[in-house]
Amino acid sequence: TPIAVLISGRGSNLQCLIDACAADDYPARIVAVISNRPDAYGLERAREAGISAIAIDHKAYASRESFEAALDSALREAGAEFVCLAGFMRILTEGFVNQWDGRMINIHPSLLPKFKGVDTHKRAIEAGESEHGCTVHWVTPGMDEGPVIAQARVPVLPGDTPETLAARVLVEEHRLYPEALKLALEKA
Ligand code: GRF
């Protein structure tokens, strides 16, 4: 399946998908990486892997809808049939989400439905959680609310900071995302 990966930054989850797609028996290939931030390091990772790297700077568009129209054209031009959000930090409108209904997934650094939104690691520590983790889910109009495809758990350890906890979760994100994408493609 031709997929696009949408990013805003570092792109370490993008990298794990690039690596997974390199295997002959993996059911996806990446046809485009799109970032709303032109300086995202993930775009470098895409170029390095010989994948089309596209910047669509949201600041250049007057409205969310016009930004999304550009995004949608780029996705269709690239021939993407499925979309993976990987650290993509723009909220998508219901209109856009519905166009990709059943064909768009996201990775979120918490055990959803706990800790939707940002600063998940800090909030998990402050809430005194003994367990934390990450979730890959279908994207629906409500932010971080779609049906769960797969989750991975890590312990919260004494003395954890948001940074140490994030690092522990990230290891699991990189394992989980390729596995969950494969599951999602079987259901799409
Ligand atoms: C990841 O923790 C992802 O779950 C979150 O943002 C981070 C992105 O990291 N939503 P990267 O850009 O994939 O390295």
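For the reader, a short list of remarks on this structure follows.
- Among beta bridges identified by DSSP and lying wholly in the chain, the antiparallel ones come to about 40 percent.
- A cut-off of 5 Å between modelled amide H atoms, ignoring neighbours fewer than 5 places along the same chain, links Val154 with His132, Gly133.
- Cα gyration tensor shape for the chain, rounded if a/c is under 1.5, else prolate or oblate: prolate
- Residues listed by number, the stretch 21-42, amide nitrogen under 15 Å from Ala60 label point at 7 Å toward C-beta: 34-40
- For the stretch 126-188, the Kirkwood hydrodynamic radius from C-alpha pairs, put into Stokes-Einstein at 37 °C and a viscosity of 0.692 mPa s, yields a diffusion coefficient of 256 µm² per second.
- For the stretch 74-176: relative contact order, % (alpha-carbon pairs under 8 angstrom, 6 or more apart): 25 percent
- Note on the stretch 1-48 and the stretch 151-180: Cα centroid distance 20 Å, given to the nearest whole angstrom.
- When the helices of the chain are scored as -39500 (n - 2.57) per DSSP H run of n ≥ 4 and the total is divided over every residue, the value at 222 nm lands at -12000 deg cm²/dmol.
- Relative to the longest principal axis of the Cα atoms of the chain, helix 162-187 runs at roughly 50 degrees.
- The ellipsoid that matches the Cα gyration tensor of the stretch 1-96 has semi-axes, each √(5λ) in whole angstrom, of 22, 14, 11, with the longest given first.
- Loop-located trypsin sites (Lys or Arg not before Pro) in the stretch 1-68 (DSSP state not H, G, I, E or B) with no more than 16 neighbouring Cβ atoms inside 10 Å: Arg10.
- The chain, relative contact order in percent, only Cα pairs under 8 angstrom and at least six apart counted: 20 percent
- Size of charge dipole - the stretch 123-188 - debye, nearest 20, with Cβ of Lys, Arg +1 and Asp, Glu -1, no other charges: 220 debye
- Using alpha-carbon coordinates, inclination of helix 12-21 to the longest axis of the chain, degrees: 60 degrees
- Of Ile34, Ile125, Ile107, the residue with the greatest mean-square motion in the GNM of the chain, using alpha carbon springs below 10 Å, is Ile125.
- Here r is the Cβ-Cβ distance between Ala22 and Arg153 and R0 is 30 Å; the resulting FRET efficiency, rounded to 0.05, is 0.65.
Read-outs: derived from the displayed coordinates by stated rules, not from any lab. Everything numeric here is computed off the predicted structure, so don't read it as measured data. Note: ideal-geometry Cβ built from the backbone for every residue, glycine included; neighbour counts use all protein chains shown.
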